[in-house]
Amino acid sequence: MRTSALVLAVVFMAGLVASPALLQESGPMGPSPYDVVDEWMTPFADDGYAWGSHPGVAIDSPNRIFVIQRGEFRLPDPLPSEFSGFVGSIGLNALRPEGARVWKNCIFIVDSNGDLVETWDQWDHLFEGSNGPHKIRISPYDSERRIWVVHETGHQVFAFSNDGSELLMTLGEKDVAGNDDSHFGRPQDVAFMPDGRILVADGLDNSRVVMFDPEGTYITHFGEKGTGRGEFDGVHAVATSADGRIYVADRSNGRIQVFNETTRAAAWYHPNIAPIGVWPDFDFPNDIIINGYNVWIADNQPPKIVRTDLNGNREYTWDIAGEGPGQYRELHQFAVDGDGNLYGADNVMGRTLKFVPKADANPANLIRMQESAAGSNP
């Protein structure tokens with residue numbers, strides 16, 4: 001009896017840790033379960049300008065879609081005839097404006113048809129002289145639906161009121177890097193625990209995750225630079241599941257790591273946080289979505305979307321690499337709305353695309369909203 005119990009325990013723990021031998025399998029690959037909406041977003045920049053790099057997208061509702069950009073891009077004159085509304089269409093890299101950037105409309109909102117609803121140009125000054133906003137989030141657990149924006153090279157994270165009228169919270173000190181309890185080193189992302197605690201992916205310099213209470217008071221952090229279990233090399237994304245697990249895109253190490261909170265955490269790592277899974281063999285993972293029993297990863301060398309189970313076993317992958325309709329040079333952040341539509345921001349091409357589920361798509365391959373968030377998104 002004791003032997004059987006021991007075997008079961010070992011099998012269970014192996015599932016949590018997700019054996020690298022299993023995870024090296026690429027899993028099934030196939031076509032995208034989505035159709036792209038052609039020319040979805042309507043350009044709105046002044047004559048002679050286009051969107052800059054699009055690093056992030058977040059959904060407040062199907063008719064209130066937030067997009068961030070790293071300023072606008074001054075177009076060449078004369079303008080090549082191939083131009084179709086975004087700088088990638090004429091072979092330019094939106095991440096390399098080389099003097100062609102203007103700090104306009106860094107945060108804007110479009111509706112389900114891609115038409116402009118409003119711009120938050122009152123906050124453009126926060127990003128001047130930097131590389132612009134990096135990611136944008138809305139907590140699924142926040143009844144106020146605050147808008148969180150990460151400012152990488154400013155070493156800050158902002159929380160705005162849902163209508164953009166107020167800057168409610170600022171984490172970090174402007175243009176001051178550090179690794180103490182009030183400074184960041186190029187933060188990359190922000191996520192939220194079900195009880196309202198805040199997690200900051202900190203980041204490219206510090207390689208740690210920092211936890212704050214709902215009011216922004218430092219609680220703790222975990223991780224440091226390295227290649228070992230629980231160590232990071234470039235924390236580019238952080239996400240949480242409804243059961244409180246923490247998923248981290250350890251980008252330069254090419255892996256996803258999973259953590260949980262426990263009173264029995266290993267003393268060698270952290271008093272209350274334990275590393276419970278290492279999922280290797282990713283290539284530049286930029287973003288993570290979690291819902292139900294699946295984890296979705298935006299992997300980027302080459303760009304593709306990977307679906308895994310909660311143990312990291314790959315269940316489906318589709319290729320999105322390219323410069324044509326529905327393709328990406330770099331999928332930096334993606335999001336899904338309450339109607340099942342998928343949105344993805346391309347950092348390099350300078351555009352955000354919308355996808356709708358194919359009529360004959362396998363429902364298992366469609367990305368869904370986190371169940372806890374579904375009721376708060378009309």
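Take the residues in the stretch 137-156 that are assigned to a loop (DSSP other than H, G, I, E, B) and touching a Gly at 6+ places or on another chain (Cβ under 8 Å); name whichever of them is surrounded by the most Cβ atoms within 10 Å (Cβ to Cβ).
Among them, the one singled out is GLY154.
Within the stretch 242-272, restricting attention to residues that are among the hydrophobic types (A, V, I, L, M, F, W, C) and over 27 Å from ASN300 (Cβ atoms), which residue is surrounded by the most Cβ atoms within 10 Å (Cβ to Cβ)?
The residue in question is ALA265.
Exactly one condition in (1) modelled with pLDDT under 95; (2) buried (at least 20 other Cβ atoms within 10 Å of the Cβ); (3) not polar (S, T, N, Q) is false for GLU98; which is it?
Every condition holds for GLU98 apart from (2).
Here are some conditions: (1) in a strand (DSSP E or B); (2) over 26 Å from ARG368 (Cβ atoms); (3) not polar (S, T, N, Q). PHE259 meets all but one. Which one does it not meet?
Here PHE259 meets the rest and fails (2).
Looking only at the stretch 330-367, which residues are in contact with a strand residue (DSSP E or B) (Cβ under 6 Å, 6 or more places away or on another chain), in a loop (DSSP other than H, G, I, E, B) and closer than 16 Å to SER89 by Cα?
GLU330, ASN347, GLY350
Quick one: how many residues across the stretch 94-116 are of a type outside the set (A, V, I, L, M, F, W, C) and in contact with a helix residue (DSSP H, G or I) (Cβ under 8 Å, 6 or more places away or on another chain)?
Here the count works out to 2.
Restricting the search to the stretch 178-231, which residues are of a type in the set (Gly, Ala, Ser), surrounded by 21 or more Cβ atoms within 10 Å (Cβ to Cβ) and under 24 Å from PHE160 (Cα atoms)? Even if it seems obvious, please write down each step before you answer.
Filtering the stretch 178-231 for residues of a type in the set (Gly, Ala, Ser) gives 178, 182, 185, 191, 196, 201, 203, 207, 216, 223, 226, 228, 230.
Filter again for surrounded by 21 or more Cβ atoms within 10 Å (Cβ to Cβ), leaving 191, 201, 203, 207, 223, 230.
Across the stretch 178-231, the qualifying residues are ALA191, ALA201, GLY203.
Which of the following residues is more than 17 Å from the chain's Cα centre (by Cα) and more than 21 Å from GLY172 (Cβ to Cβ): GLY254, GLY216, GLY244, GLY196?
Step by step, each of GLY254, GLY216, GLY244, GLY196 is checked, and only GLY244 is more than 17 Å from the chain's Cα centre (by Cα) and more than 21 Å from GLY172 (Cβ to Cβ).
What about PRO303, is it in contact with a Leu (Cβ under 7 Å, 6 or more places away or on another chain) and farther than 21 Å from GLU231 by Cβ?
yes
Checking ILE276 against (1) in a loop (DSSP other than H, G, I, E, B); (2) in contact (Cβ under 8 Å) with a residue 40 or more places away in the chain; (3) over 15 Å from the mean Cα position of the chain (by Cα): exactly one of these is not met. Which one?
(1)
The values are calculated or read from the model by the stated rules, or taken from the named source; none is laboratory data. Everything numeric in this text was worked out from a predicted model, so none of it was measured. Glycine gets a Cβ as well: all are built from the backbone with ideal geometry, and neighbour counts include every protein chain shown.
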